[in-house]
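Below is one structure, written out as structure tokens, with a few remarks after it.
No value in this document is a laboratory result; all are computed from the given coordinates. All of these numbers come straight from a predicted model, not from anything done at the bench. Glycine also receives a Cβ, built like all others from the backbone with ideal geometry; neighbour counts cover every protein chain displayed.
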Amino acid sequence: MKFIKNHHKINEKNDTELISQYKSSGDLEVLGALYNRYMHLVFGVCLNYLKDEDQSKDAVMQIFEELVVKLRIHEVQNFKSWLHVLARNYCLMAIRKSSKNNTVSLEETFVENSEFVHLDIDDTKEQQLTVMEKCMETLPDEQRISVDLFYLQEKCYKEVAEITGYEMLKVKSYIQNGKRNLKICMEKNSSE
């Protein structure tokens with residue numbers, strides 16, 4: 001899988017220079033050269049999550065298509081880390097979509113008791129998780145990514161800073177503000 005021909009001048013530039021050149025020109029060849037440097041890592045992330053080689057190859061292509069748009073609107077300090085988060089989020093969304101489409105056939109023999117028993121299940125936690133997911137999407141990218149890495153993936157401040165490329169003080173601020181904004185959003189949406 002290669003996106004571009006081998007152009008020596010493009011390959012001499014660092015990631016930041018290529019991002020800047022792509023943002024100013026929109027040249028997909030420049031973006032292809034940048035993506036080509038990390039495509040094997042993206043494939044590895046996808047294979048780790050999706051557990052299927054063909055799906056992972058498709059995901060690599062889809063992520064490139066997302067990159068065409070997202071790289072023009074986001075300020076990226078550390079492209080490799082940012083791309084890793086983008087690939088991971090893409091895979092998690094793909095897994096979530098596919099799990100919603102799974103159906104299970106229940107036969108009569110599957111249930112031990114033939115009498116219908118209604119279970120009074122409290123779905124408050126499920127509702128809270130749904131509200132939290134919606135509220136996470138409303139957070140600014142820096143806060144959403146930092147909160148996700150810190151709380152949901154249980155990374156320490158230092159790891160969040162390394163993955164995102166944000167300064168340590170910024171990471172702490174994004175997490176604190178993101179947590180506060182998430183709480184406000186959840187309180188507002190759960191009372192409705």
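Observations, loosely collected:
- Computed from phi, the 3J(HN,Hα) profile of region 50-64 under the Karplus parametrisation 6.51, -1.76, 1.60 (θ = phi - 60°) reads 8, 6, 9, 5, 5, 4, 5, 5, 4, 4, 4, 5, 5, 5, 4 Hz, with x in place of Gly and Pro.
- Footprinting exposure proxy for Leu41, Leu47, Leu71 (fewest neighbouring C-beta atoms within 10 Å first): Leu41, Leu47, Leu71
- For His84, His40, order by how many other beta-carbon atoms lie within 10 Å, fewest first: His40, His84
- Sorting Ile73, Ile10, Ile184 from the fewest to the most surrounding beta carbons within 10 angstrom yields Ile73, Ile184, Ile10.
- Region 125-192 shape via C-alpha gyration tensor axes, a/c threshold 1.5: prolate
- Rounded to the nearest 20 debye, the dipole size of region 1-100 about its Cα centre is 200 debye, using +1 on the Cβ of Lys and Arg and -1 on the Cβ of Asp and Glu.
- Listed residues Tyr49, Ile63, Leu18: farthest to the positive end of the dipole of region 1-100 (Cβ charges): Tyr49
- Taking region 24-48 and a reference point 7 angstrom along Cα→Cβ of Asn11, the backbone N atoms nearer than 20 Å belong to 28-42.
- Simple spin-label estimate for Leu129 and Lys158 gives 3.2 nm between the two label positions (7 Å along the Cα-to-Cβ direction from each Cα).
- What you get for region 125-192, charging only the Cβ of Lys and Arg (+1) and of Asp and Glu (-1), is a dipole of about 260 debye around the Cα centre.
- Shape of region 1-100, Cα gyration tensor, a/c cut at 1.5: prolate
- Bridging of Lys188 to lysines at a Cα separation below 30 Å is possible for Lys70, Lys97, Lys100, Lys125, Lys134, Lys155, Lys170, Lys172, Lys179, once same-chain residues fewer than 8 apart are set aside.
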